[in-house]
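Enquirer: This is the structure I have questions about; it appears just below.
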Amino acid sequence: MPKMTVDPKYCKGCGLCIVACPKKIIRFSENINSKGYHYAECFDQDACIACKMCYQTCPDVAITVEK
């Protein structure tokens, strides 16, 4: 099963991954990271198709996608 993970310490909350996700399963977390940003999170891992669009659009390399 694919797994998308965001490293909160690197995410600056730009939202590019949210826009890029074709399944629309990424949102901003209610939590805040150490830099004061609401970081992205995948809320439905079962729906992830591991297309890596989120990974490719992340300017901070905060996302990993495993198949």
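Enquirer: Could you give me the residue pairs with C-beta distances under 6 Å whose first residue belongs to the range 1-30 and is within 15 Å of GLN45 (Cα to Cα), whose second residue is charged (D, E, K, R) and surrounded by fewer than 14 Cβ atoms within 10 Å (Cβ to Cβ) wherever it lies, and which are 6+ apart or on separate chains?
Expert: PRO2/LYS67; LYS3/GLU66; ILE25/ASP44
Enquirer: For the range 21-31, enumerate the residues that are out of contact with any Asp or Glu (no Cβ under 6 Å at 6 or more places or on another chain) and crowded, with 17+ Cβ neighbours inside 10 Å.
Expert: CYS21, ILE26
Enquirer: Would you point out the residue of the range 19-45, among those that are in contact with a Phe, Trp or Tyr (Cβ under 7 Å, 6 or more places away or on another chain) and of a type in the set (A, V, I, L, M), that is nearest to VAL61 (Cα to Cα)?
Expert: ALA40
Enquirer: Starting from residues that are touching a residue at least 40 places away in the same chain (Cβ under 8 Å) and surrounded by 14 or more Cβ atoms within 10 Å (Cβ to Cβ), keep the ones in the range 32-49 and report whichever is farthest from PRO8 (Cα to Cα).
Expert: This residue is ILE49.
Enquirer: Quick one: in the range 19-65, which of the residues that are among the small types (Gly, Ala, Ser) and under 18 Å from PRO2 (Cβ atoms) is nearest to the chain's Cα centre (by Cα)?
Expert: Per the criteria, the residue is ALA40.
Enquirer: Here's another thing I want to ask about it. Restricting attention to the range 50-66, report how many residues are within 15 Å of TYR10 (Cα to Cα) and part of a loop (DSSP other than H, G, I, E, B).
Expert: So the count comes out to 5.
No value in this document is a laboratory result; all are computed from the given coordinates. Quick caveat: nothing in here was measured; it's all calculated off a predicted structure. All Cβ positions, even for glycine, are placed from backbone atoms using ideal geometry, and neighbour counts span all protein chains on display.
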